[in-house]
Amino acid sequence: MAILKILEFPDPRLRTIAKPVAHFDAALLKLVDDMIETMYEADGVGLAATQVDVHKRLLVIDVSEDRNEPLVFVNPEITVLDDSLREVKEGCLSVPGFYEPVTRPEHILVRAQDKQGNAFELQPEGLLAVCIQHELDHLNGKLFVDYVSALKRQRIRSKLEKQQRQPA
């Protein structure tokens, strides 16, 4: 397994819309393992393939307390089940150090495939529902900073660009 480089805002590659996964093969299994390892190494609860510059409809999530129950969603699609909304302060591995309130649907249905290509459905709640929507946004070229004001987004962008210019 390998730790992958996570792209950081405002990298334009984060705006790429991911393509459906068509081949469930050894390369996909390796990518899933590498993404899970990268997510844990970065102390995240979710990671979309777009964030590691792989533009496939794939995301991994682990919201378990012990961080040992990774979930894999290939070609995920959500359906909003009702009008109830929930505001949660979100952060992102691609926007390190920033947390902003985002309002999202509270009740969703997720249809996806596992890493072997088997279809499944899930009606997640709480943090899992938020994470799935957040990571699915990545696959559609959207970031959580797109939900904040243009002024706040520009401030975040400026701070991250300044940090990225600093020598390591």
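A few remarks follow.
- Computed with every protein chain present, the accessible area of His107 is close to 70 Å² [probe 1.4 Å].
- Label-point separation in nm, Ser84 to His23, each point 7 Å along Cα→Cβ: 4.3
- Accessible area of Arg15 in the full protein assembly, 1.4 Å probe (Å², nearest 10): 100
- Percent of beta bridges antiparallel (DSSP, the chain, rounded to nearest 5): 95
- Choice from Pro12, Pro76, Pro105 with maximal GNM fluctuation in the chain (Cα, 10 Å cutoff): Pro12
- Relative contact order of the chain, defined on C-alpha pairs under 8 angstrom at six or more residues apart (%): 24
- Derived value for the chain: Kirkwood hydrodynamic radius 16.3 Å. Basis is the mean of 1/r over every pair of different alpha-carbon atoms.
- The residues of segment 118-168 have, on average, 60 Å² of accessible surface per residue, using a 1.4 Å probe with all protein chains present.
- Sorted on the mean count of surrounding Cβ atoms within 10 Å across their residues, most packed first, peptides 93-103, 139-149 read 139-149, 93-103.
- When all protein chains stay in place and ligands, DNA and RNA are ignored, the 1.4 Å accessible-area order of Lys159, Lys115, Lys5, largest first, is Lys5, Lys159, Lys115.
- What a 1.4 Å probe finds exposed on segment 1-139 is 51% carbon and sulfur by accessible area, rounded to a whole percent.
- Over 21 Å (Cα to Cα) - which of Lys30/Lys115; Lys19/Lys142; Lys19/Lys89; Lys56/Lys152; Lys19/Lys115 fall in this group: Lys19/Lys89; Lys56/Lys152
- MRE, 222 nm, helices only [DSSP H, n ≥ 4, -39500 (n - 2.57), over the chain, to nearest 500]: -9000 deg cm²/dmol
The values are calculated or read from the model by the stated rules, or taken from the named source; none is laboratory data. Quick caveat: nothing in here was measured; it's all calculated off a predicted structure. Here Cβ is always computed from backbone atoms with ideal geometry, including for glycine, and neighbour counts include all displayed protein chains. Surface areas here come from the heavy atoms of the whole protein model, side chains and all, with no ligands, DNA or RNA. Shrake-Rupley method; radii C 1.70, N 1.55, O 1.52, S 1.80 Å.
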